[in-house]
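Undergrad: My questions will all concern the structure given below.
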Amino acid sequence: MNDLKKIELHLHLEGAAPPAFIRGLASEKGVDLEPIFDARGNYAYRDFNDFLRVYEAATSVITTPEDYARLLREVLQNCAEQGAIYAELFVSPEFCGGGDLSAWRDFLAAMTETARQMSAQGIDSRAIVTPIRHFGPERARKSAICAAETGSADGTGWVTALGMGGAEAVGKPQDFAWSFDCAREAGLGLTCHAGEWGGPQSIRDALSLGVSRIGHGVRAVEDDGLVRDLAESGVVLEVCPGSNIALGIYPDWRAHPIARLADAGVKVTVSTDDPPFFHTTLNHEYERLADAFGWGEPEFAELNRTAADAAFCDTATRERLR
Ligand code: ADE
Ligand code: ZN
């Protein structure tokens, strides 16, 4: 699988932090984070809400622009080792300076320089500014302003989109309409997590924000009408099967709806979400899809063409990804 060129469209920067990276930062800063790790040094959590708690605890030791730049370098190196040539990273100004625009500019400057260096080494990237749903609409507005002020409408800069993550059970996408409108008016791409913990209605609500992609979206499979609408509209799903299975949404790979959605004409892509938390890698995702559904080179090439077309980047970069 490693020789296949791959595209990651759905990867949370902090969620991609290897446990050793977080332990290293914790010890440098004298913070006791041992309770979030198990005896083998992996992240330990019980369920999705506990995952969010552990995620935020781990993130609490990534405090400076230099920390974020170091993390980005390590994460992009890991992507490249998986055969990825392009990755889009969810990055939240709420973690990078508490939503303050001038602090965000400092974090962004450090990360953009690292992204530039890594691009020269063969792994291109873009950032999706990420409001966190359970932090509420007010904090989301600050993130959206950071996105609008620092984003690039032509896709050539590093920040090119807005995409909400966090607890889908909290609030409604409509509560965040101002933030999505703000990013759209700035010419940015739009995506939103939905249809992971919420059912079809949650996906319909997210679609009403005007997104071109949905993070996860797999529970659309519960509503034939929605599956038809997705297929007709060409909205792209950022599917993360290993994440869904690790979090218990589906019991195993064969039960995962990605193949049913693809067969129904829905545009699907494959990403890893928070790979160390879910004990996955991009190659692992592809191998399990090959085992479960008999997918091979033609299906994987199609996934990556879809991802290239849906990527929040400029046309010249898109051409290189095809
Ligand atoms: N943030 C990081 N991983 C997430 C997930 N799987 N769903 C929602 N928000 C997230
Ligand atoms: Zn996600």
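The values are calculated or read from the model by the stated rules, or taken from the named source; none is laboratory data. All values reported here derive from a predicted model rather than from experimental measurement. We place every Cβ from the backbone using ideal geometry, glycine too, and count neighbours over all the protein chains shown.
Undergrad: Which pairs do you get when a residue that is at positive phi and surrounded by fewer than 21 Cβ atoms within 10 Å (Cβ to Cβ), found in segment 234-255, comes within reach of a residue that is aliphatic (A, V, I, L, M) and modelled with pLDDT of 95 or more, reach meaning Cβ atoms under 6 angstrom, with the pair 6+ apart or on two chains?
TA: none
Undergrad: Could you pull out the residue among ILE145, ILE123, ILE132 that is β-branched (Val, Ile, Thr) and within 15 Å of ligand 1 (Cβ to nearest atom)?
TA: None of the other options fit; the residue is ILE132.
Undergrad: Considering only residues of segment 208-223 that are within 22 Å of ALA308 (Cα to Cα) and surrounded by fewer than 21 Cβ atoms within 10 Å (Cβ to Cβ), which is nearest to the chain's Cα centre (by Cα)?
TA: Ranking the qualifying residues of segment 208-223, first place goes to SER212.
Undergrad: Moving to a separate point now. Filter segment 231-251 down to residues that are of a type in the set (A, V, I, L, M, F, W, C), more than 12 Å from ligand 1 (Cβ to nearest atom) and not in a helix (DSSP H, G or I), then give me how many there are.
TA: Residues in segment 231-251 being of a type in the set (A, V, I, L, M, F, W, C), more than 12 Å from ligand 1 (Cβ to nearest atom) and not in a helix (DSSP H, G or I): 3 in total.
Undergrad: Give the residue, chosen from LEU230, LEU226, that is over 19 Å from ARG133 (Cα atoms), buried (at least 24 other Cβ atoms within 10 Å of the Cβ) and of a type in the set (A, V, I, L, M, F, W, C).
TA: Selected residue: LEU230, the only one of LEU230, LEU226 that is over 19 Å from ARG133 (Cα atoms), buried (at least 24 other Cβ atoms within 10 Å of the Cβ) and of a type in the set (A, V, I, L, M, F, W, C).
Undergrad: Here's another thing I want to ask about it. Mind checking which pairs have a first residue in segment 1-27 that is under 15 Å from PHE278 (Cα atoms) and assigned to a helix (DSSP H, G or I) and a second that is among the polar types (S, T, N, Q) and within 15 Å of ligand 1 (Cβ to nearest atom), Cβ under 6 Å, 6 or more apart or different chains?
TA: If the second residue must be among the polar types (S, T, N, Q) and within 15 Å of ligand 1 (Cβ to nearest atom), the pairs left are GLU14/THR59.
Undergrad: What are the residues in segment 2-44 that are of a type in the set (Phe, Trp, Tyr) and away from ligand 1 (no atom under 16 Å from the Cβ), if any?
TA: Listed by number, the residues that qualify are PHE21, PHE37.
Undergrad: Name the residues in segment 294-319 that are small (Gly, Ala, Ser), crowded, with 20+ Cβ neighbours inside 10 Å and outside any helix (DSSP H, G or I), would you?
TA: Residue satisfying the conditions is ALA311 alone.
Undergrad: Now, a different point. Which fully enclosed helices (runs of 4 or more DSSP H) of segment 42-137 have 2 or more residues being more than 23 Å from THR280 (Cα to Cα) and in contact with a His (Cβ under 7 Å, 6 or more places away or on another chain)?
TA: Here the list is empty.
Undergrad: Please go through (1) over 19 Å from the mean Cα position of the chain (by Cα); (2) more than 14 Å from ligand 1 (Cβ to nearest atom) for LYS267 and return the number of the only condition it doesn't satisfy.
TA: Just one mismatch for LYS267, condition (1).
Undergrad: Kindly provide the set of residues from segment 234-255 that are within 16 Å of ASP223 (Cα to Cα) and either within 16 Å of ligand 2 (Cβ to nearest atom) or at pLDDT below 95 (or both), ordered by number.
TA: The answer is LEU237, and nothing else.
Undergrad: If you don't mind, there's one more thing I want to ask. Going through segment 175-229 one residue at a time, which ones are β-branched (Val, Ile, Thr), in a helix (DSSP H, G or I) and within 16 Å of ligand 2 (Cβ to nearest atom)?
TA: Matches in segment 175-229: ILE203, VAL218.
Yes/no matrix, rows are residues, columns are (1) within 18 Å of the chain's Cα centre (by Cα); (2) closer than 21 Å to HIS10 by Cα:
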residue: ALA109; (1), (2): no, no
residue: HIS134; (1), (2): yes, yes
residue: ARG141; (1), (2): no, no
residue: ALA161; (1), (2): yes, yes
residue: ARG184; (1), (2): no, yes
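Undergrad: Please enumerate the residues belonging to segment 157-174 that are among the β-branched types (Val, Ile, Thr) and not in a loop (DSSP other than H, G, I, E, B).
TA: VAL159, THR160
Quick grid of which residues meet (1) farther than 26 Å from MET118 by Cβ; (2) away from ligand 2 (no atom under 16 Å from the Cβ); (3) in contact with an Asp or Glu (Cβ under 8 Å, 6 or more places away or on another chain):
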position: ALA20; (1), (2), (3): no, yes, no
position: ARG23; (1), (2), (3): no, yes, no
position: ALA26; (1), (2), (3): no, yes, yes
position: GLY30; (1), (2), (3): yes, yes, no
position: LEU33; (1), (2), (3): yes, yes, no
position: ARG40; (1), (2), (3): yes, yes, no
position: ALA57; (1), (2), (3): yes, yes, no
position: THR64; (1), (2), (3): no, yes, no
position: LEU72; (1), (2), (3): no, yes, no
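Undergrad: How about segment 166-198: which of its residues are of a type in the set (Phe, Trp, Tyr) and crowded, with 21+ Cβ neighbours inside 10 Å?
TA: Those that are of a type in the set (Phe, Trp, Tyr) and crowded, with 21+ Cβ neighbours inside 10 Å: PHE176, PHE180.
Undergrad: Does segment 213-229 contain any residue that is within 16 Å of ligand 1 (Cβ to nearest atom), of a type in the set (A, V, I, L, M, F, W, C) and closer than 23 Å to ASN78 by Cα?
TA: The answer is no; no qualifying residue exists.
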